[in-house]
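Student: This structure is in structure tokens; I'll ask about it shortly.
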Amino acid sequence: MIKERKFAVHPNVLSCLLHLRLRTELGVRASDTKVEKETQDARDQRRRKGKKTDQPYLSKKARKVQKEKKEIEREMREAEAEIDKEDRAATQTETLKLLFALYFRILKNPRPSPLLPAALTGIAKFAHLVNIDFFRDLMKVLKELISLEAEDASDAEEAVEPARNQRNTRHRLLCIVTAFDLLSGQGEALNIDLSDFITQLYGMILPLTLVNDIESVVASSAPSNMTAQYTTGAHSTSNSSKDKKSHSSTTSINSVSSSSPLTIPPPPSISDLLFRALHTVFSPRTGGSTAAPPWRSAAFSKRLLTAALHWPPSSALRALDLVHDLIAKNPKLEALLSTEDRIFDGIYRADVDDPQLCHPYGTAFWELQTLATSHIDPSVRTAAENLLNYNSTSASH
């Protein structure tokens, strides 16, 4: 249906596919065990006293024939149950192939579609079922999508289109989360460099300080003209009689949907996507046997603290908590809590959007002093003060 309508459908149609139970119900025992249990209960009931008169009298030869007949019926039920399991496995495998074919077709669409967030979310959800042979091609497509969205975002900034810019930001964050989710499972066996995704994420933090509604949840991920586009795509190739049928069916569908609204959760906010991507980048399971290098943790910590000066209290608290965790994992970052002079190669470059080239050890976390003394929210002031007084020896005890 989505292919026939040339992707002119509401994203909630694609979000329904996230609830498919692929490869999850094959471990459940089939109904043949229930039949056996009921047969055993019936047999126990027949053996009770006072129930013998309910059964007709059978000769020894007739009882033997009946016993053999029941044995054959039981074997037939077991064989049908095995066939049912194989059919379900084949059906789910075919469903999985069609599902990923739909997702990949949306990702490779030359023009970004409103269905892109739902497709990226679906790939991230079913990442453990993706064939490992497609990982490199999928990573290539995700890199191309991020580059395309970054160019579109720069054009939107020049044209002063905040809604378009936020949509591109959401798409880029989803691409980063999807890439790391793919390599968090069976993809760990592949040696794929994700530094491009990390650099893109690092460069997105400062521009997000200018987003006023970074914590707001979008009511729908579809544009306002999606309904008109859907209607146009649905009726473009129909004649007058088909238009009447389509109109009547659309009316009935609208009446049903109004009486029983869908309970699809709204998409996460930009802040939720950002911190999900940050936790995914610095999670040990995505880094294999080696943790993130200290310079990367220092660069992200410095930029997060700079952004926390402009973010709402909730996002600022999440940034302080993440910086606290990074300092606890990398004791070298404790030197940045002090304002004393120290010798280090190079100076800090806040204008460089590359965590490896910005020289984060050439600066200090002076933002914590500002947050601890001047922030409007008391919880943020307390968290910043605790981070200023952080001591690894006392924290370990």
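Student: Is there any pair linking a residue in segment 313-324 that is touching a residue at least 40 places away in the same chain (Cβ under 8 Å) and assigned to a helix (DSSP H, G or I) to one that is buried (at least 20 other Cβ atoms within 10 Å of the Cβ) and not hydrophobic (A, V, I, L, M, F, W, C), with Cβ under 6 Å and at least six apart or on different chains, and which?
Tutor: Qualifying pairs under 6 Å: S315/S271; V323/S301.
Student: Could you list all residues from segment 111-137 that are among the charged types (D, E, K, R) and either over 12 Å from the mean Cα position of the chain (by Cα) or modelled with pLDDT under 80 (or both)?
Tutor: Within segment 111-137, R111, D133, R136, D137 meet the criteria.
Student: Also, quick follow-up: Does R105 satisfy the criteria of being assigned to a helix (DSSP H, G or I) and either touching a helix residue (DSSP H, G or I) at 6+ places or on another chain (Cβ under 6 Å) or not small (G, A, S) (or both)?
Tutor: Judged against the criteria, R105 is a match.
Student: Among the residues of segment 361-379, is there at least one that is surrounded by fewer than 17 Cβ atoms within 10 Å (Cβ to Cβ), of a type outside the set (A, V, I, L, M, F, W, C), under 20 Å from S271 (Cβ atoms) and at pLDDT 95 or above?
Tutor: Looking for residues that are surrounded by fewer than 17 Cβ atoms within 10 Å (Cβ to Cβ), of a type outside the set (A, V, I, L, M, F, W, C), under 20 Å from S271 (Cβ atoms) and at pLDDT 95 or above, one finds at least one in segment 361-379, hence yes.
Student: Look at segment 342-386 and say how many of its residues are over 23 Å from T199 (Cα atoms), of a type in the set (G, A, S) and without any contact (Cβ under 8 Å) to a residue 24 or more places away in the chain.
Tutor: Looking only at that region, the number is 2.
Student: Let me ask something else about it. If we keep just the residues of segment 108-135 that are among the hydrophobic types (A, V, I, L, M, F, W, C) and part of a loop (DSSP other than H, G, I, E, B), which is nearest to V9 (Cα to Cα)?
Tutor: Looking at residues that are among the hydrophobic types (A, V, I, L, M, F, W, C) and part of a loop (DSSP other than H, G, I, E, B), I get L115.
Student: So which residues in segment 132-152 are basic (K, R) and under 17 Å from G203 (Cβ atoms), if there are any at all?
Tutor: Result: K143, single match.
Student: List every residue pair whose Cβ atoms lie under 6 Å apart, where the two residues are 6 or more positions apart in sequence or sit on different chains, the first residue falls within segment 205-220 and is part of a loop (DSSP other than H, G, I, E, B) and among the aliphatic types (A, V, I, L, M), and the second residue, located anywhere, is at pLDDT below 85 and surrounded by 13 or more Cβ atoms within 10 Å (Cβ to Cβ).
Tutor: Correct list of pairs: V218/P267.
Student: Then there is this: So in segment 199-225, with the set limited to residues that are surrounded by 17 or more Cβ atoms within 10 Å (Cβ to Cβ) and at pLDDT below 50, which one is nearest to A118 (Cα to Cα)?
Tutor: S221
Student: State which residue is nearest to R318 (Cα to Cα) when the search covers only segment 331-385 and only residues that are of a type in the set (A, V, I, L, M) and part of a loop (DSSP other than H, G, I, E, B).
Tutor: Here the answer is I376.
Student: Are any residues in segment 249-284 over 22 Å from A319 (Cβ atoms) and either within 26 Å of the chain's Cα centre (by Cα) or at pLDDT 90 or above (or both), and if so, which ones?
Tutor: The answer is P261, L262, T263, I264, P265, P266.
The values are calculated or read from the model by the stated rules, or taken from the named source; none is laboratory data. Since the model is a prediction, treat every value here as computed from it, not as a measurement. FYI the Cβ positions are ideal-geometry reconstructions off the backbone, even for glycines, and counts take in every protein chain you see.
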